[in-house]
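J.: Attaching a single structure in structure tokens format; questions to follow.
The values are calculated or read from the model by the stated rules, or taken from the named source; none is laboratory data. Predicted, not measured: the structure shown is a model, and the values here were computed from it. Please note: Cβ atoms are built from the backbone with ideal geometry, for glycine as well, and neighbour counts cover all protein chains shown. All accessible areas refer to the heavy atoms of the entire protein, side chains included, with ligands and DNA or RNA removed. Shrake-Rupley method; radii C 1.70, N 1.55, O 1.52, S 1.80 Å.
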Amino acid sequence: MRIFLRLLGAATILLFAVTVAPYLDPGNHHPLHPVDEVSQRVRVLGYDRQGQFGGWQPGVREQVVARAGELDPYTGKPFDHGAGEVDHILPLSAAWDLGAHSWTTAERIRFANDPENLVLVSREQNQQKSDQLPGRWLPPDRGARCWYVARMTKVAHGYQLPLPSEDIKSGRRQCGFAKVF
């Protein structure tokens with residue numbers, strides 16, 4: 001009977017490891033959403049942040065500031081919220097290149113103001129990140145990297161935007177899985 005229970009326990013653990021664990025961040029258990037893959041990000045002419053995505057809708061920036069923690073989510077260090085900047089986790093120009101160029105203006109404005117894609121960070125980190133994706137930029141705080149990739153894949157998934165291969169590979173490495181998307 002003891003052997004049977006041990007085998008049953010081992011089988012349960014193995015089943016979890018194969019079916020559920022690949023979709024969880026080992027630190028914070030963030031689901032990593034499936035996204036389509038493209039070979040690379042191709043620059044699409046016509047991007048104009050203000051013209052294509054509009055400005056902040058009333059109350060959006062204030063909402064992001066209000067829900068911000070005491071620490072910069074990219075560095076894990078305290079920062080001055082008054083000097084902080086709202087970052088688009090999936091940058092607007094990257095979204096444009098990956099398919100938002102074919103959206104309506106209303107869809108682009110909704111994307112630009114979606115709280116799921118917005119986070120308050122230090123000015124320095126926002127400037128360093130710019131419009132880069134995970135293959136070229138990651139938060140300096142290693143503990144934030146899987147969270148960042150998970151959040152980006154959630155946004156990309158929600159808007160049916162693909163991500164370039166190099167960014168998917170980087171995401172896989174950050175979350176410690178051979179296959180996360």
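J.: Has the stretch 22-44 got any residue that is assigned to a helix (DSSP H, G or I) and at pLDDT 85 or above?
T.: There is no residue in the stretch 22-44 that is assigned to a helix (DSSP H, G or I) and at pLDDT 85 or above.
J.: Now, a different point. Just checking, how many residues over the stretch 99-129 are of a type in the set (Ser, Thr, Tyr) and either surrounded by 16 or more Cβ atoms within 10 Å (Cβ to Cβ) or under 17 Å from GLU62 (Cβ atoms) (or both)?
T.: Total meeting the criteria: 1.
J.: Somewhere in the stretch 132-144, is a residue of a type in the set (Gly, Ala, Ser), within 19 Å of HIS101 (Cβ to Cβ), in contact (Cβ under 8 Å) with a residue 40 or more places away in the chain and open to solvent by 20 Å² or more (accessible area, probe 1.4 Å)?
T.: no
J.: Here's another thing I want to ask about it. Go over the candidates GLU116, GLU107 one by one and state the one that is part of a helix (DSSP H, G or I) and closer than 14 Å to PHE53 by Cα.
T.: That would be GLU107, the only listed residue that is part of a helix (DSSP H, G or I) and closer than 14 Å to PHE53 by Cα.
J.: Could you grab the pairs with beta carbons closer than 6 Å, sequence gap of 6+ or different chains, first residue in the stretch 42-63 and over 12 Å from ALA112 (Cα atoms) and open to solvent by 50 Å² or more (accessible area, probe 1.4 Å), second one polar (S, T, N, Q) and modelled with pLDDT of 95 or more?
T.: Sorted first by the residue in the stretch 42-63, then by its partner, the pairs are TYR47/SER93.
J.: Would the stretch 159-180 turn up any residue that is within 27 Å of VAL65 (Cα to Cα), open to solvent by 10 Å² or more (accessible area, probe 1.4 Å) and among the charged types (D, E, K, R)?
T.: The answer is no; no qualifying residue exists.
J.: Looking for something touching a residue at least 24 places away in the same chain (Cβ under 8 Å), open to solvent by less than 20 Å² (accessible area, probe 1.4 Å) and more than 15 Å from the chain's Cα centre (by Cα) - is there at least one such residue anywhere in the stretch 75-82?
T.: No.
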